[in-house]
Structure formats: structure tokens, C-alpha cells
Amino acid sequence: REQTELEVYVPLRSTISKYLVYAWFNEDMEMKHKMKALADKPQSYFRIPKEHRSRSDWKSVSRILQEGVGRSTLPCVKLRAVVDAAKEISQLDSEERTHFPHASFFDGKVDSIPSKALGADDFLPIFIYCFVQAKIERPSALCELLSVMCDPRKMSGETGYYLASFHAALTHIHELDLTENDQDLSIIFDA
């Protein structure tokens with residue numbers, strides 16, 4: 001797959017990029033402003049449960065997304081980085097729960113909250129948070145490129161699942177109305 005992309009995609013990359021950037025320009029400008037507004041929000045704003053908030057602020061995950069997805073050339077490498085970032089979420093969460101089982105970096109002790117495995121409902125808010133922190137340029141155009149270039153055989157497996165998560169994060173941010181009320185409503189849910 002990588003060899004095919006090197007021989008076919010790379011020579012056409014500038015033309016493909018030009019059309020994608022043009023087609024998704026308005027969506028990406030909106031995303032840029034929304035991600036900038038969300039960049040300083042705490043993990044609680046994204047409704048990440050207390051027991052899954054990261055002491056490291058998920059920096060390793062954001063770095064994988066920023067470097068692997070945002071700066072790589074080949075779509076297959078970008079897709080691998082999406083999968084790697086998702087796996088890093090599970091691994092980092094597990095490591096932090098093992099080393100600090102009764103502590104939440106942002107909210108003090110969490111003795112009353114049983115430590116549980118990371119489920120899909122917990123994963124997506126974390127992924128959205130990391131997506132914002134990664135500051136990926138032109139995420140709408142990028143998501144379209146990844147969707148089109150993903151090997152169809154991988155769409156029903158792990159790669160497809162995490163690409164769908166990438167798309168869900170993009171859609172969630174895109175649909176946020178930041179003009180309504182800028183209060184952190186997640187504190188209501190944390191009580």
C-alpha cells in the first residue's frame with residue numbers, strides 16, 4: 001500500500017491537496033476557530049470522566065496526532081497514526097490508573113469512583129480532547145482524504161473504527177455552538 005501511494009499519490013499530491021483544500025475551505029476555517037477556542041479548555045469540559053482524566057494531559061496522544069497525522073505525507077502513514085493515537089489512549093489510561101489508582105490530577109482523590117476499563121463512551125471524549133490539542137491543520141479536508149484513501153478492506157476493522165472515531169471527533173467539534181453559553185457545563189455532571 002505504501003509503495004502504491006509513493007508511486008501514485010505523491011506525484012498527484014499537490015493537485016489533490018489543492019482540490020481538497022478548496023472544497024473544504026469554509027469547514028476548515030470554522031474548525032480552526034473552534035479548535036482555537038477549545039484549546040485551553042480543561043479535560044472536564046470535554047466530559048472526560050474523573051477516573052479517566054490524564055495526569056499528563058494526554059500529551060503523548062496529541063503528539064502522535066500532530067506529528068503522525070498532521071505532518072506525514074502518505075495517507076497510509078496518517079491512518080496508522082490515527083490507530084496509534086487511539087491505542088496510546090488505552091495504554092496511557094491503563095498505565096496512569098496502575099500507577100495512580102486513586103488520584104485524578106485535576107480533581108484530587110477519586111476514592112469513591114471505582115476504576116474501570118476504558119469503554120467507547122469514555123474513549124470518544126478523550127479522543128476529541130486530543131484532536132483539539134493536536135491542532136491539526138485543515139482537518140475536514142484531511143478526514144476526506146483519509147476516508148477516500150483508506151484501503152476498503154480495512155474499513156471494517158480496527159483502522160475503520162478509529163477512522164470513524166476521527167470523523168466523529170471532527171463532526172462533534174464542527175457541530176458545537178460556542179456562541180450559546182461558554183460555561184463549563186460538565187461540572188454539573190461531575191458532581
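The values are calculated or read from the model by the stated rules, or taken from the named source; none is laboratory data. In this text the structure is predicted, and so the values were computed from the model without any measurement. A quick note on method: Cβ atoms are made from the backbone with ideal geometry, for glycine too, and the neighbour counts reach across all protein chains shown. The accessibility values were calculated without ligands, DNA or RNA, using every heavy atom of the protein model including side chains. Shrake-Rupley method; radii C 1.70, N 1.55, O 1.52, S 1.80 Å.
The table below gives the values:
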quantity	calculated
List Tyr22, Tyr9, Tyr161, ordered by accessible area with a 1.4 Å probe, largest first	Tyr22, Tyr161, Tyr9
Spatially proximal lysines relative to Lys135 (Cα-Cα < 23 Å; intrachain offsets below 8 disregarded)	Lys18, Lys32, Lys34, Lys36, Lys41, Lys59, Lys78, Lys87
Neighbourhood charge, 12 Å Cβ-Cβ cut-off, centred on Gly160 and excluding it, Lys, Arg +1 and Asp, Glu -1	0
Between the stretch 37-65 and the stretch 143-174, the Cα center-to-center distance that results, in Å	21
J(HN,Hα) series, the stretch 71-84, from Karplus relation 6.51 cos²θ - 1.76 cosθ + 1.60, nearest Hz, glycine and proline x	10, 6, 8, 7, x, 5, 6, 4, 5, 4, 5, 4, 5, 4
Area accessible to solvent at Glu5, 1.4 Å probe radius, in Å²	10
Nonlocal amide H pairs with Trp24, under 5 Å, H built at 1.01 Å	none
Segments 25-36, 73-84 sorted - mean Cβ within 10 Å per residue, highest first	73-84, 25-36
Gyration tensor (Cα) of the stretch 21-87, equivalent ellipsoid semi-axes in angstrom	24, 19, 9
